[in-house]
Every structure is written in C-alpha cells, then in structure tokens.
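> Input: one structure, supplied below.
The numbers here are math on the coordinates, done by the rules we state, and not lab data. Because the structure is a prediction, the values reported are computed rather than measured. Ideal geometry is used to build each Cβ from the backbone, glycine not excepted, and the neighbour counts take in all protein chains shown.
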C-alpha cells in the first residue's frame, strides 16, 4: 500500500506542476514521442497494479480508484498555472490503470497456482 501511496503522490506532483517546470523536464525529448502521455499511462499502470497487488482492493475497485484519481487530477489542473484538464488524459490514465490491474490479476493468479502446486 505504501507504493500505491507513493505513486499517487508522484502523479499529483507531475499532473499539477505548472507549465514552466514541466516543459523544462520534458525539453530533452522530441515532442513526437509524447513523453507526457507515456508518463500518464505508466504512472497510472503502476498505481492500478499497486492498488490491486496489495490484496486489499478488488480489481473493479482499483479501476474505479484509478478513474477517480485521473478525473480529479485533470479537474484540478484548471487551478494550476497554465494547465488545463483533458478528457483524453483521463482515458489514457484509465487505460494505463486497467493494464496495470490486468498484470496484477495475472501475477496474483500465477502466485496462487504456484502455491497450489507446492502445497
């Protein structure tokens, strides 16, 4: 659960950062790589996977959490200097979260299968 919290904090910092510092961080990368969108996808994949891997959060609730965080961060961007929320980013966030959760489901299934064989 600690990793999920750390990912949430990283996502909040990255998505609410004013445009100037964000552009400075992304400047080494060519624009056509869309590193910011890749960051959205991977960050939310890690968040979704971490939420489900704790064993305390069912996949559907982890996905609902990812959707909620994605929606809230995009809405909060209207308060950040030079930022604006986008529905497209919520879709990217949710898709990344869904992939992370799917990977977690597979990993937990493999672990359960391994325990059955060993036991």
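> What per residue convex hull volume, in Å³, comes out for the chain when only alpha-carbon positions are used? Could the numbers behind the result be given before it?
On the way: hull volume 13.2 nm³, N = 119.
Hull volume over Cα atoms, normalised by residue count, gives 111 Å³.
> Find the relative contact order for the chain and round it to a whole percent, using C-alpha pairs within less than 8 Å whose residues are 6+ positions apart. Working shown, then result.
Working: 135 pairs, mean separation 40.2, N = 119.
Relative CO of the chain lands at 34 percent.
> Pulled fully out, how much extra length does the chain show between residue 2 and residue 35, if you take 0.36 nm times their separation in residues and subtract their Cα-Cα distance? Mind dumping the intermediate values first?
Numbers: separation 33, 0.36 × 33 = 11.88 nm, distance 2.58 nm.
My answer for the length gained is 9.3 nm.
> Quick one: helix 2-16 against the long Cα principal axis of the chain, what's the angle to the nearest 10°, folded into 0 to 90?
20
> When ranked by the protection proxy of mean other Cβ atoms within 10 Å per residue, highest first, what sequence do the peptides 101-107, 31-37, 67-73 form? Mind showing how you got there, number by number?
On the way: 101-107: 17.1, 31-37: 12.1, 67-73: 18.9.
Ranked by mean Cβ neighbours within 10 Å, highest first: 67-73, 101-107, 31-37.
> Using only helices, what value at 222 nm comes out for the chain when you add -39,500 (n - 2.57) per DSSP H run of length 4 or more and divide by the total residues, to the nearest 500 deg cm²/dmol?
Mean residue ellipticity at 222 nm (helix-derived): -26500 deg cm²/dmol.
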